[in-house]
Amino acid sequence: MPAFDFEDVFGDDYLHFYAPQLTDERSDREAELIARLLDLAPGMRVLDIACGHGRIANRLAALGCEVVGVDRSERFLEIARRAGQPVDFRRADVREYAPEGEFDRIVNWFTSFGYFDDATDRAILAGWRRALRPGGRLLLDQPNRQRLFQRLAVDGSTVALTERGDDLLVDRTRFDAATGRTETERISVRDGRVRRYRFSVRTFDLTELRGWLVDAGFARVAAYGGDGAEFDLRSARMIVVASV
Ligand SMILES: C[S@@+](CC[C@H](N)C(=O)[O-])C[C@H]1O[C@@H](n2cnc3c(N)ncnc32)[C@H](O)[C@@H]1O
């Protein structure tokens, strides 16, 4: 299994450094885009996996969808429940949660796929295919690997800095060409205390991800940029919608 310090990556630092970026306005915009790309309608049964602190799941419920939100962080789920929306938030591991033919739509937002080895990640896609009803669709929001390559091309690694007051989050990322994964060392400095941990995420170009989705049993795959326009080399994100 690739090196991934899950408890550290999806813990207090995540909330501290990401919360200012994940504004209500941004989450509203993202939920609207998801609703548009998935043709969401009131009454549809929607799975948001992994839902984190519920910013998308709660908004889809506000649109009238019947939403199940799954994440393995109880702390994030507690925050998610505070919004008071009628979402069924469940603590589960994405590798073990295995509904059958239950959902009209599945949402996997904000680089929440590609955390495990290839066999496990492929098994997760096959599981999501089984979780969908006839006519169902899966949406995956991934980084655009070509954009990442443009940044990595100069010296083989990138450094990204996030600041909150005097606190710093530094991500030093390199790409492993043999595995197709980004390998990131994260250095968090909060109140002068330094902590280091790691995470590893599989990245895809569109043709490879389409192949995985077809292997998992999906019939059609469409791709969009982060703004919902047609996907191309310059797109900030790669949003993929796979239909049963
Ligand atoms: C990048 S966050 C995205 C959260 C949410 N989709 C959003 O847009 O705000 C990834 C989420 O995956 C969850 N996660 C990581 N590994 C998981 C696993 N094995 N099973 C379930 N959830 C997991 C983390 O707890 C975290 O909430």
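The values are calculated or read from the model by the stated rules, or taken from the named source; none is laboratory data. Because the structure is a prediction, the values reported are computed rather than measured. Using ideal geometry, Cβ is built from the backbone for each residue, glycine included, and neighbour counts are taken over all protein chains shown. Calculation scope for accessible area: heavy atoms of the full protein, side chains included, ligands and nucleic acids excluded. Shrake-Rupley method; radii C 1.70, N 1.55, O 1.52, S 1.80 Å.
Normalised by the number of residues in the chain, the mean separation of alpha-carbon contacts (under 8 Å, six or more apart) gives a relative contact order of 18 percent.
Pairwise inverse Cα distances across the chain, averaged and inverted, put the Kirkwood hydrodynamic radius at 18.5 Å. Working note: Cα atoms of the range 196-244, range along each principal axis, descending, whole Å: 42, 26, 14.
Each eigenvalue of the Cα gyration tensor of the range 41-99, multiplied by 5 and square-rooted, gives one semi-axis; in descending order these are 17, 14, 7 Å. When Rg and Dmax are taken over the Cα atoms of the range 72-137, they come to 13.1, 37 Å. The portion of the accessible surface of the range 196-244 made up by carbon and sulfur, rounded to a whole percent, is 49 (1.4 Å probe; DNA, RNA and ligands excluded).
If you take all other residues with their beta carbon under 9 Å from the beta carbon of residue 186, and give Lys and Arg +1 and Asp and Glu -1, the sum is -1. Normalised by 2.2 N^0.38 Å, where N counts its residues, the alpha-carbon radius of gyration of the range 109-244 equals 1.18. Note on residue 44: accessible area approximately 40 square angstrom, rounded to 10, probe 1.4 Å, nucleic acids and ligands left out. Take 68-75, 55-62, 217-224 and order them by the average number of nearby Cβ atoms within 10 Å per residue, most first; the result is 55-62, 68-75, 217-224. By the Cα gyration tensor, the range 56-186 has an equivalent ellipsoid whose semi-axes, rounded to whole angstrom, run 31, 21, 13 from largest to smallest. Note that the chain presents 47 Å² accessible area per residue, ligands and nucleic acids not counted, probe 1.4 Å. Three principal axis extents describe the C-alpha atoms of the range 1-88; from largest down they are 39, 26, 26 Å. Relative contact order of the range 155-244: what whole-number percent is it, with Cα pairs under 8 angstrom and at least 6 residues apart? Here the relative contact order equals 16 percent.
The gain in end-to-end length when the residue 208 to residue 83 segment is fully stretched comes to 41.3 nm, 0.36 nm per residue minus the alpha carbon separation.
Our analysis of the range 115-174 gives Rg over Rh at 1.16, with the two radii drawn from alpha carbon positions and Rh computed by the Kirkwood formula. Among the GluC sites (Glu not before Pro) in the range 77-121, those located in a DSSP loop and surrounded by at most 10 other Cβ atoms within 10 Å of their own Cβ are 96, 100.
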